[in-house]
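> What follows is a structure written as structure tokens; I'll ask about it next.
The values are calculated or read from the model by the stated rules, or taken from the named source; none is laboratory data. Since this is a predicted model, take the numbers as computed values, not measurements. Please note: Cβ atoms are built from the backbone with ideal geometry, for glycine as well, and neighbour counts cover all protein chains shown.
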Amino acid sequence: MVPKLLKWVEIDSSALSHNIHQFRKLIGENRKLLVMVKANAYGHGMMEVSDIALRAGADWLGVDSLEEGLFLRKKGFNCPILTVGYIPFEGLKEAVTNDLRITVYNLEAVSQLATICRQLNKKALLHVKVETGTFRQGVSGEEVLSFIHKIQEFPELVLEGLSSHFANIEDTTDHSYAQFQLKNFNNIFHELKKNNIKIPIKHISCSASAILFPETYFDMVRAGIGIYGLWPSKETYLSCLLQKRKPLLLKPVLSWKTRIAQIKKVPKASFIGYGCTYKTTRATVLAVLPVGYYDGYSRGLSNSSYVLIRGQRAPIRGRVAMDFIMADITDIPGINLEDEVILIGSDGEEAITADDLALLVETINYEIVSRINPLISRIIV
Ligand SMILES: Cc1ncc(COP(=O)(O)O)c(C=O)c1O
């Protein structure tokens, strides 16, 4: 039973476990599966997701920041945790103390880590991020050998991993750029091998590459969006069909709900909400819903999205405000105050998905779910 909350996110633990099993089946038992739980587990709730994911067979958790890693440690997660973002110098000591695996791509951080490890009499596990063509973080192919030699000068530093990240694998059905990046990754790794440098864990694969290209698996796959039951993009789905692969059966994990705060009758030709952007074309019944852009319901959805009430679509009228939206329920009889309303999720034949909302505001499903305010309760169902 969901307690009487005003707004909440429901996490379907069986859907999450199902998706993890799908990825496990794909990559096999001998590789590690890292579940990306950064950005509050893409809005799904970092603690809740981490717990379910590990019980369903995830090996590692991936976070962006030191703060996210420390949050997990404080909550008692003692599994391997990889930080993939940037840790400022003054945070490195805490990262090492808390056994966070650290992604490195600056020599300054390497030297500081060596000093810290000596002070703490503790080793640090490092993953060197290499540049293969995304031009976000990473050490260039030409510099990687000397970068690694520098790490090897310090016995306190353990070179555990080599990683990279694809730039456009989700954006297109033409994967020549991803293949180019994969080739660069392979070349770097072979060059290192020639120089007797052994890397225990090589990893480059995200959800889309895990779905489409087994040759990207190496020793570990870092999956995010697919674990949450969302396709990385329609191009990924289409690529799957073009490759004559049976698409994974992914089950959306998140539903987002609220309750009606007021029901009101509005005469024909009334303006609704800030800016008077909607004028009623008939006598209208409105449901006022206590959710707004502060909660992560994009202002771009003004006058364009809908919610589900009693399994029927109720269009949003007027602008999305900071804390409220208004839905037209004229055609849905029998609605009462505090009735449940679905912002994302399904009810009977009807559904409103993160992809639907993403399309309306010209963004991606990743952004829709990861922007749901972390203060909203995540309830496991
Ligand atoms: C470094 C890194 N690895 C893996 C992932 C997971 O990607 P996806 O959610 O597409 O599976 C991300 C997500 O942005 C990432 O930044």
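> Restricting the search to region 124-177, which residues are hydroxyl-bearing (Ser, Thr, Tyr) and within 30 Å of residue 237 (Cβ to Cβ)?
Those that are hydroxyl-bearing (Ser, Thr, Tyr) and within 30 Å of residue 237 (Cβ to Cβ): 132, 134, 163, 164, 172, 173, 176, 177.
> When residues of region 185-220 are filtered for being within 12 Å of the ligand (Cβ to nearest atom) and either in a helix (DSSP H, G or I) or hydroxyl-bearing (Ser, Thr, Tyr) (or both), how many remain?
8
> Kindly provide the set of residues from region 168-185 that are of a type in the set (D, E, K, R) and either in contact with a strand residue (DSSP E or B) (Cβ under 8 Å, 6 or more places away or on another chain) or farther than 23 Å from residue 362 by Cβ (or both), ordered by number.
Matches in region 168-185: 183 only.
> Could you check how many residues of region 253-268 are over 20 Å from residue 373 (Cβ atoms) and surrounded by fewer than 18 Cβ atoms within 10 Å (Cβ to Cβ)?
Count: 6.
> In region 1-49, which residue that is among the β-branched types (Val, Ile, Thr) and part of a helix (DSSP H, G or I) is farthest from residue 381 (Cα to Cα)?
The residue in question is 27.
> Going by the structure shown, is residue 122 of a type in the set (D, E, K, R), in a loop (DSSP other than H, G, I, E, B) and at pLDDT 95 or above?
Taking the combined requirement at face value, the residue satisfies it.
> Select from region 59-72 the residues that are part of a loop (DSSP other than H, G, I, E, B) and within 13 Å of the ligand (Cβ to nearest atom) and list them in ascending order.
Residues satisfying the conditions are 64, 65.
> Same structure again: On the basis of being loosely packed, with under 14 Cβ neighbours inside 10 Å, free of Cβ contacts under 8 Å to residues at least 40 places away in the same chain and not aliphatic (A, V, I, L, M), does residue 311 make the cut?
yes
> Sort through 145, 182 and tell me the only one that's within 16 Å of residue 107 (Cα to Cα) and assigned to a helix (DSSP H, G or I).
None of the other options fit; the residue is 145.
> Could you please give the count of residues in region 221-244 that are closer than 25 Å to residue 17 by Cβ, more than 13 Å from the ligand (Cβ to nearest atom) and touching a residue at least 12 places away in the same chain (Cβ under 8 Å)?
So the count comes out to 1.
> Can you find a residue that is under 18 Å from residue 69 (Cβ atoms), assigned to a strand (DSSP E or B) and either in contact with a helix residue (DSSP H, G or I) (Cβ under 7 Å, 6 or more places away or on another chain) or of a type in the set (A, V, I, L, M) (or both) anywhere in region 95-103?
Yes, region 95-103 contains a residue that is under 18 Å from residue 69 (Cβ atoms), assigned to a strand (DSSP E or B) and either in contact with a helix residue (DSSP H, G or I) (Cβ under 7 Å, 6 or more places away or on another chain) or of a type in the set (A, V, I, L, M) (or both).
> Another question, if that's okay. So how many residues does region 22-42 have that are closer than 29 Å to residue 257 by Cα and either away from the ligand (no atom under 12 Å from the Cβ) or touching a His at 6+ places or on another chain (Cβ under 7 Å) (or both)?
2
> Shifting gears a bit: Return yes or no: is residue 162 away from the ligand (no atom under 16 Å from the Cβ), hydrophobic (A, V, I, L, M, F, W, C) and in contact (Cβ under 8 Å) with a residue 40 or more places away in the chain?
Considered against the rule, which asks whether it is away from the ligand (no atom under 16 Å from the Cβ), hydrophobic (A, V, I, L, M, F, W, C) and in contact (Cβ under 8 Å) with a residue 40 or more places away in the chain, residue 162 comes out as no.
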